[in-house]
Amino acid sequence: MAALDINQVRACFPSLESGHIYADNAGGSRTAQAVIDRIVDYLSNTNVQLEAGYSAKNSQRVVEGSIAAAELFNATSLDEVGFGSSSTMLFENIARAIENDIQPGDEFIITYEHEANNGPWKRLAARRNAVVKYWHPTPVSADNPYSVTYKVEELLPLVSSRTRLAAITACSNILGSVIPVEEAVKALRQRAEEQGARKFEVALDCVAYASHRKMDVQKWDVDYCVFSVYKVFGAHNAAAYVRSAALQTSLTSIVHDFFKVDNKPHKFQPGGPGNELVYGAAAIVPYLKSLTPEDNLVASFNAITNHEQEILTPLLRFLTDAKQVERGVRIMGTSEIDPSRIPTVCFVVVGQNAIKSKDIVEAFNKKGGISIQHGHFCAYYLIDSLRPKLDVNDGVVRISFVHYNTVEEVEKIVDVLREVLRE
């Protein structure tokens, strides 16, 4: 298997030239130069309304963005792909569009993860007198109460004859753990059928997943899927997949009532999608394919996974070392270094010599040259549910890498952490 040429990779990102270490990529990745070039080209040369009689080239450029998103999702049709300003907005749009298909007493299963795929369903439940059930994470370590994970066997008992939708997350932006989506969805659908559910759909949050692993909505058998383009080396927008069957039978259009949208993504995409940003997204797939000689996404994501395991190792080993555990370091999620964990690591420092998460980040800020973050990262209720209780506003320290980060950068971060934890 081909390894990443890290020098070639980093040369594609102009912001890396400064030498600054970006270590909260879960909050937003660097933007590839090819994306920037397309946005500038679009705004400079083809920035006109798509309906204009002279906009054939412009329209085709926007289609190229949809082609790229469809390939990333592995959608069956361009009609299944739409764009919006953020993943939160797209899930909200989908929830609004599905509202007429929800009956009082229907049940939604949600996680304690990012609110983008929670809040819209909670608000929809309130509007339609539906019921919300929670898939709780469970501890996996007797020594660390914050080491929790989601288990499929604890998800299934939540399904009943009233279950209408399960909103799950492919990967946690706090725990760093990858959910076995195909296994979970297959089991959910079987249980829903056994229980006699009238209609069952799955909404999948891939925001923390899409830059690390290849998405496959067909293999996963999901109905809705969303990811943030700006966390996958693009500009600040997001893309959504809606299965053709859901477009036809579940969604009612939320666009202007005089528009005839039939079964197109425009049903949940009111207004313009940010044409220059959509065209910019067209550069993401060619960039990813260029990472390996095979020139395909499967090979590229395999190489990304291997590289990310390499850069995850020194950080996770340091934080879970017996000396650091005695110091009070507790990581979120599991400590295994394998493909079931992405290089997003969150931790707190508790005990007699506890350190606030914000103080750790401030120590990095004072030293300069490295960016990490602290907080709840919109997984507010996950942090708030952990026991012993944490200060949800102080949250956790998050250090998150992607494939353009290097082992040398990780080692520099570990050196600073070693200094901070000695104080």
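All of the numbers you see were taken from the coordinates with simple rules; none came from a lab. Bear in mind that the values here come from a model prediction, so they are computed numbers and not experimental data. Cβ placement follows ideal geometry from the backbone for every residue including glycine, while neighbour counts extend to all protein chains displayed.
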Exercise. Per residue, how much space in cubic angstrom lies within the convex hull of the C-alpha atoms of segment 37-287?
Worked result: 120 Å³
For this session: Collect residues whose amide H, placed 1.01 Å from N in the peptide plane, falls under 5 Å from the amide H of GLU201; neighbours closer than 5 in sequence don't count.
Result: LEU165, ALA166
Seminar exercise, completed: Filtering chymotrypsin sites (Phe, Trp or Tyr not before Pro) in segment 23-122 by DSSP loop and by at most 14 other Cβ atoms within 10 Å leaves TYR54
Problem set entry | Computed magnitude of the charge dipole of segment 289-423 (debye, nearest 20; Cβ of K, R +1, Cβ of D, E -1) | 480 debye
Seminar exercise, completed: With no solvent term and unit scatterers on the alpha-carbon positions of segment 18-114, Debye gives log₁₀ I(q)/I(0) at q = 0.22 Å⁻¹ of -1.32
For this session: Sort 189-195, 238-244, 260-266 for me by packing, meaning the mean count of neighbouring Cβ atoms within 10 Å per residue, highest on top.
Result: 238-244, 260-266, 189-195
Exercise. Where the centroid of each part is defined by its Cα atoms, how far is segment 168-202 from segment 60-138 in Å?
Worked result: 14 Å
Problem set entry | P(r) of segment 290-331 over all Cα-Cα pairs, binned every 5 Å from zero, in whole percent | 5, 22, 16, 13, 11, 10, 9, 8, 5, 1
Problem set entry | Nonlocal amide H pairs with ILE370, under 5 Å, H built at 1.01 Å | ILE21
Problem set entry | Descending principal axes extents, segment 180-281, alpha-carbon based, whole Å | 46, 39, 15
For this session: Tabulate in residue order the Karplus-calculated ³J(HN,Hα) for segment 4-21, using 6.51 cos²θ - 1.76 cosθ + 1.60 with θ = phi - 60°, rounded to whole Hz; enter x for Gly and Pro.
Result: 5, 8, 5, 5, 5, 4, 5, 5, 7, 10, x, 6, 7, 5, 5, x, 5, 9
Exercise. Based on the Kirkwood radius over alpha-carbon pairs, what is the Stokes-Einstein translational diffusion coefficient of the chain at 4 °C with 1.567 mPa s viscosity, in µm²/s?
Worked result: 58 µm²/s
For this session: Enumerate the amide H contacts of ASP24 below 5 Å, restricted to partners 5 or more residues apart or on another chain; note that Pro and chain-start residues carry no placed amide H.
Result: SER400
For this session: Could you list the GluC sites (Glu not before Pro) in segment 239-334 that lie in coil according to DSSP, counting only those with at most 15 other Cβ atoms within 10 Å of their Cβ?
Result: GLU294
Problem set entry | Cleavage-rule hits, GluC sites (Glu not before Pro), segment 8-77, DSSP coil, Cβ neighbours within 10 Å at most 11 | GLU51
Seminar exercise, completed: Of the DSSP H helices in the chain, the ones reaching 24 Å or more along their long axis in Cα terms and averaging at least 0.5 in Kyte-Doolittle hydropathy are 297-319
Seminar exercise, completed: CYS225 neighbourhood, Cβ < 12 Å, K/R = +1, D/E = -1, net charge -4
Exercise. Measuring from centroid to centroid over Cα atoms, what is the spacing of segment 369-421 and segment 299-353 in Å?
Worked result: 10 Å
